[in-house]
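Notes follow the structure.
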Amino acid sequence: MLPKRKTHPLIRWIGLFALGAVLLFGESELLAQASAETTDGPAQPGRVEAFYEWIDSLGGAGYGVYAASYVLATVLFLPGSLLTIGAGLLFGVVKGSILVSISSVTGAALAFLVARYLARERIENKFGKNLKFAAIDTAIGKEGWKIVLLLRLTPLLPFNLSNYLYGLTSVAFWPYVLASWIGMMPGTILFVYIGSLGKTAAEAAAGGADSGKLALNAVAFLATIAVTVFVTKIARTALQNVQLDSEPDTTAAS
């Protein structure tokens with residue numbers, strides 16, 4: 001674990017204020033758009049569906065709004081699985097995977113910086129004595145970014161929480177970003193593919209896509225699952241071997 005860094009109080013408060021203002025504005029806009037209701041006409045779609053429809057209606061600007069919403073959700077501990085699947089539904093496998101990859105890594109990087117420079121003491125007091133985190137911290141101290149990569153492939157901690165906890169470890173920022181980007185890629189593609197496959201199935205049912213395209217996408221999806229499972233298994237084995245030699249002193253972490 002890194003030694004505590006001294007940050008000027010003024011810089012800390014300015015950073016927290018700016019971050020809070022951005023998050024508050026973004027969250028208000030997101031909820032306002034996603035939960036808009038009318039008093040006339042048929043029942044309105046659910047919040048998630050309404051959000052997808054709103055993004056789709058924005059055209060090219062929808063990419064930027066989606067990315068900002070994903071980053072916001074990551075920093076605010078909101079589940080990102082629906083947004084990841086939605087990227088496949090809205091933008092397809094290739095564009096969706098690229099967009100989610102950029103957005104998720106950006107959110108993870110921001111959370112890392114918040115933990116390291118703005119809210120370190122608070123996060124450390126709450127989670128610093130957790131035995132699982134202590135073992136991970138010890139392993140990162142020995143192996144560095146390699147442990148981050150393996151954990152991204154086989155997460156032992158929730159994604160949103162781990163982003164903050166990594167900020168307490170000794171891993172450097174840019175190796176952390178690169179390891180996170182590579183390690184999150186298989187899962188990103190898999191979830192985006194789920195959304196894309198759902199869209200293709202809906203189009204096929206409506207007569208907008210032929211069954212051959214649906215079958216081809218299904219085969220590709222199964223191949224993606226197989227590759228993801230294979231990579232995850234390798235990463236889990238490697239991580240277990242490392243952690244066997246990286247167990248923390250349980251008497252110090254009660």
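Readers should treat all values here as calculations from the given coordinates under stated rules, not as data from a laboratory. If you're wondering where the values come from, they're calculated on a predicted model, not measured in any experiment. Cβ sites come from the backbone with ideal geometry, for glycine too, and all protein chains shown count toward neighbours.
Among 101-114, 50-63, what's the highest-first ranking by average C-beta atoms within 10 angstrom per residue? Kindly include the intermediate steps, with their values, before the conclusion.
Numbers: 101-114: 21.1, 50-63: 15.1.
By packing density, highest mean first, the sequence is 101-114, 50-63.
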Discussion item. Can you give me the distance in nm between label points at Ser57 and Ile182, each placed 7 Å from the Cα along the Cα-to-Cβ direction?
Written reply: 4.3 nm
Worksheet item: What list of ³J(HN,Hα) couplings, whole Hz, do you get for region 64-71 from phi and the Karplus terms 6.51, -1.76, 1.60, once you set θ to phi - 60° and write x for glycine and proline?
Response: x, 5, 4, 4, 4, 5, 5, 4
Worksheet item: Tell me, what does the Kirkwood hydrodynamic radius of region 61-109 come to in angstroms if you use every pair of distinct C-alpha atoms?
Response: 10.3 Å
Fill in: Extension reserve of the Lys129-Ser170 stretch, reckoned as 0.36 nm per residue once the Cα distance is removed
13.2 nm
Item to complete: Could you go through region 132-149 in sequence order and give the Karplus-derived ³J(HN,Hα) for each residue, using 6.51 cos²θ - 1.76 cosθ + 1.60 with θ = phi - 60°, rounded to whole Hz, and x for Gly and Pro?
Response: 5, 5, 4, 5, 5, 4, 5, 5, 5, x, 8, 10, x, 4, 4, 5, 4, 4
Worksheet, complete the sentence: For the Ala238, Tyr117 Cβ pair and Förster radius 22 Å, calculated FRET efficiency rounded to 0.05 is 0.10
